[in-house]
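What follows is a short report on a single structure.
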Amino acid sequence: MEKFADEALIEVSSGAGGNGCVAFRREKYVPKGGPSGGDGGRGGDVLFVVRRNLRTLAHLRHKRHFKAENGRDGEGGGRYGRNGENIAVPVPPGAVLKDADSGELIHDFGKDKSDFLFLKGGNGGWGNIHFKSSVNQAPRKALPGKSGEQRRIRVELQLMADIGFVGFPNAGKSSLLEKCTNARPKIAPYPFTTKIPNLGVLTVDDRDVILADIPGIIEGASEGLGLGIRFLKHISRTLALIFLIDLSDDNYLVAFDALYKELESFSPELVKKPRVIAGSKLDVENTAERLRKLREKYPHETVFGLSVFSSEGLADFTAFVMKLVTEAENSEKTHAEDTEPQP
């Protein structure tokens, strides 16, 4: 399987313009013809294009340098040089371009999925046909082509998903993803099985919702501990979050607060998203009572009890998830309409 890569450092260069030409007509009956030097061709551009079949940035780790073709020099006989070929850099949906040195945001393909013209090629230089005048019938002047541009770019991937799973290691996120969707993540009865984000599609009544499972978070993640914090950016675009709490774990009553704290430390915007709490492993002994206590502690939160093995609670849960996404979409649409500049 292709190794997951969500960051890449690349160098891109647009093409230089071709040089203008100094030439004169030397035909049989025109021994002292005028200037005939053509212009140089324009250098190729650098474009970033979205490819929906890409899921990671692994291809940018194999090829780190992208250079557009230079324009060709002009020639005699008024022949213009050929324009240089553009170079297209393919990126997956959700990619973000940043300046490698300053960190400045250049373009976000999560908001604009159309092709992005980043660097324009240099203009071709004028040939000497442009410099003929009444006082200079035989100009020996031509202009060189303009240089292309070169930039170092950091490409980051933020997965496009509707719902993001948040939980401690071994809380059952991957099992729930597999049960609800067509995803086949690695599942094992030990912590840290998930080391890369996994996506799955939940389909209810012909409506598709994309779910994202990221590696489990541990306390201190916001300070750099564990794997989960590195992948939290992949749920930053989600419409809503599912906090998965392992009811078989003795720390079930403090798990939500700990997860909330880590997310808030990473990004205060994350904890403002609509959310639902799901108590997992309801098939384990004594977890029904723990679910009751969890609901008592968080009376203002929506709390579901689930069992992946017996499917208990799954139907109501998936129906609520679909409703949550629909409401979040409508809220975002209303907000966008309210903030749109009036003509």
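Taken along the Cα-to-beta-carbon direction at a fixed 7 Å, the label points for Glu329 and Asn286 span 4.3 nm. Within the straight-line cut-off of under 17 Å between alpha carbons, the lysines reachable from Lys113 are Lys98, sequence neighbours fewer than 8 places apart in one chain being disregarded.
With a 10 Å Cβ neighbour count serving as the proxy for reagent exposure, in which order, fewest first, do His234, His130 appear?
Values: His234 23, His130 15.
Result, fewest neighbours first: His130, His234.
The ranking of Cys21, Cys180 from fewest to most other beta carbons within 10 Å of each one's beta carbon is Cys180, Cys21. Helical content of the chain, expressed as a calculated mean residue ellipticity at 222 nm, amounts to -6000 deg cm²/dmol (DSSP H runs of 4 or more residues, -39,500 (n - 2.57) each, divided by residue number, nearest 500).
Counting only whole DSSP H helices of the chain, the ones at least 24 Å long by C-alpha along their axis and with mean Kyte-Doolittle hydropathy no lower than -1.0 are 314-339.
Listed by Cβ neighbour count within 10 Å, with the fewest neighbours leading, Lys32, Lys281, Lys261 appear as Lys32, Lys261, Lys281. Does the range 44-174 classify as rounded, prolate or oblate by the C-alpha gyration tensor (a ≥ b ≥ c root eigenvalues; a/c under 1.5 gives rounded; else a/b over b/c gives prolate, otherwise oblate)? Here the range 44-174 falls in the prolate category.
Give me the net charge of Gly145's neighbourhood, meaning all other residues with Cβ under 10 Å from the Cβ of Gly145; Lys, Arg count +1, Asp, Glu -1. Display every interim value, and only then the final one.
Working: positive: Arg42, Arg72, Lys146; negative: Asp39, Asp73.
Computed value for this residue: +1.
Proximity of backbone amide H atoms, modeled 1.01 Å from N, is registered between Leu119 and Val46 at under 5 Å, excluding neighbours fewer than 5 places apart on the same chain.
The phi-based Karplus calculation (6.51 cos²θ - 1.76 cosθ + 1.60; θ = phi - 60°) puts the 3J(HN,Hα) values of the range 122-136 at x, 6, x, x, 6, x, 6, 5, 7, 10, 6, 9, 5, 9, 9 Hz, whole numbers, x for Gly and Pro.
What number, in percent, do you get for the relative contact order of the range 1-107 if the mean sequence gap of Cα pairs under 8 Å and at least 6 apart is divided by its residue count? Intermediate results must be reported in sequence, preceding the final value.
Working: 278 pairs, mean separation 35.1, N = 107.
Reported relative contact order: 33 percent.
As a rough guide to protection, the peptides 54-63, 245-254, 33-42 ranked by mean Cβ packing within 10 Å, highest first, stand as 33-42, 245-254, 54-63.
Only the coordinates and a few stated rules stand behind these numbers; no lab work does. Fair warning: this is a prediction, and the values are worked out from it, not measured in the lab. Because the Cβ atoms are built from the backbone with ideal geometry, glycine has one as well, and the counts that use them run over all protein chains shown.
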